[in-house]
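Visitor: I have a structure here, written as structure tokens, and I will follow up with some questions on it.
The values are calculated or read from the model by the stated rules, or taken from the named source; none is laboratory data. All values reported here derive from a predicted model rather than from experimental measurement. In this analysis, Cβ positions are derived from the backbone assuming ideal geometry, glycine residues included, and neighbour counts consider all displayed protein chains. In case anyone asks, the SASA skips ligands and DNA or RNA and just uses the protein heavy atoms, side chains included. Shrake-Rupley method; radii C 1.70, N 1.55, O 1.52, S 1.80 Å.
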Amino acid sequence: MRIRTVILDFDGTCTDVEQEAQGFLAGYKADLARLVGSEDIEATWRAAEAQVRAEPSRFGMVIGGRLVAPAVDAYLLATSISSVIQPDLGDAEIERLFLENYRFTTTAFKPETRTLLDALAAADVEVCVVTNSDAAKVAAKLDVLKPAKREAIRLHGNARKFLVEEPAEHRDAAAFARVPSTIRVAGWPRPIYARRGSYFDALCSIWESTNTTPGETLVVGDVFELDLVLPGTLGCRVHLVSGPRTLDYERRGVTAMDGSWDTDLLAVMRLLESAS
């Protein structure tokens, strides 16, 4: 089936997270230090970071008492470290720390992002960005990049892909009911939660507005659990943008869903060409 809609994650997929997140990390650490009543959090932070990196299947982003994503980028790492340092940190506080400090990020697109967006604009497909980040901040970054047909890029911010819950809007209850509670990936010791209601609502909104279906949709992301598991179970084609911190189970997981992975963002265009 021809791909008519391409849904892109933003941070880490279109951007260089390690470069753009330096201001975010500084602000996040300062905020967390105030929360825990510490004047100097660096030593505690380094110890927690070593723990998180040493056991990626045990430590990660914890929301609602569930581990919902591994610490594979600077944003997820910060969230994971904060849960180690302050285990009783509430979900609302975790979200606040992220969203308030995201404003300190710089604009650091991957070199091939503009080429990809221009090519998608010429390919007669609907282009959507679905991100956990603040929509206004992401829109401002896209305005700086100035890709072709910038005004046609649909943007869904604050998607909260990490929330394991029922959809709020109940657009297609039957489709969501078919999503398994968890999936397993060979060689990965913990279950992966698939039923992410807020993300489901964002995806359904896109399909309604574009008059397309999951089978006509390619979803591109850099974090398997956050970006690709739910759309993969709904019947979308999924593609993992692999980077230096991508874990092996993520590549195995996307392959098991008949998806693909590549280190080159422009592989997305090759997928479109092969599907046409």
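Visitor: Suppose we filter GLU95, GLU169 for residues that are touching a Cys at 6+ places or on another chain (Cβ under 9 Å) and farther than 24 Å from ILE3 by Cβ; which single one remains?
Guide: GLU169
Visitor: Does region 27-37 contain at least one residue that is at pLDDT 95 or above, of a type in the set (Phe, Trp, Tyr) and under 18 Å from the mean Cα position of the chain (by Cα)?
Guide: Scanning region 27-37, I find no residue that is at pLDDT 95 or above, of a type in the set (Phe, Trp, Tyr) and under 18 Å from the mean Cα position of the chain (by Cα), so the answer is no.
Visitor: For the condition farther than 21 Å from ILE3 by Cα and either in contact (Cβ under 8 Å) with a residue 12 or more places away in the chain or surrounded by fewer than 20 Cβ atoms within 10 Å (Cβ to Cβ) (or both), what is the one hit in ARG237, ARG178? Step through it out loud before you land on a result.
Guide: Values: ARG237 fails: farther than 21 Å from ILE3 by Cα.
Exactly one residue qualifies, and that residue is ARG178.
Visitor: Related question: PRO191 versus (1) without any contact (Cβ under 8 Å) to a residue 12 or more places away in the chain; (2) crowded, with 24+ Cβ neighbours inside 10 Å: which is the lone unmet condition?
Guide: Of everything listed in (1) without any contact (Cβ under 8 Å) to a residue 12 or more places away in the chain; (2) crowded, with 24+ Cβ neighbours inside 10 Å, PRO191 misses just condition (2).
Visitor: Next question, about the same structure. Quick check, is ALA135 over 16 Å from the mean Cα position of the chain (by Cα) and open to solvent by 20 Å² or more (accessible area, probe 1.4 Å)?
Guide: no
Visitor: Give all pairs with beta carbons closer than 7 Å in which a residue from region 105-116 that is under 15 Å from LYS146 (Cβ atoms) meets a residue that is assigned to a loop (DSSP other than H, G, I, E, B) and open to solvent by 40 Å² or more (accessible area, probe 1.4 Å); count only pairs at least 6 apart in sequence or on separate chains.
Guide: THR115/LEU266; LEU116/LEU266
Visitor: Select, from SER198, SER133, SER209, the only residue that is in a helix (DSSP H, G or I) and within 16 Å of ALA69 (Cβ to Cβ).
Guide: Exactly one of SER198, SER133, SER209 is in a helix (DSSP H, G or I) and within 16 Å of ALA69 (Cβ to Cβ), namely SER198.
Visitor: Let me ask something else. If you check every pair at least six apart or on different chains, which have Cβ atoms under 9 Å apart with a residue in region 203-230 that is under 19 Å from PRO167 (Cβ atoms) and of a type in the set (Ser, Thr, Tyr) first and a residue that is open to solvent by 10 Å² or more (accessible area, probe 1.4 Å) and at pLDDT below 95 second?
Guide: Pairs found: SER205/GLU169; SER205/ARG171; THR213/MET1.
Visitor: In addition: Consider region 222-276. How many of its residues are assigned to a helix (DSSP H, G or I), among the aliphatic types (A, V, I, L, M) and under 13 Å from the mean Cα position of the chain (by Cα)?
Guide: Count: 4.
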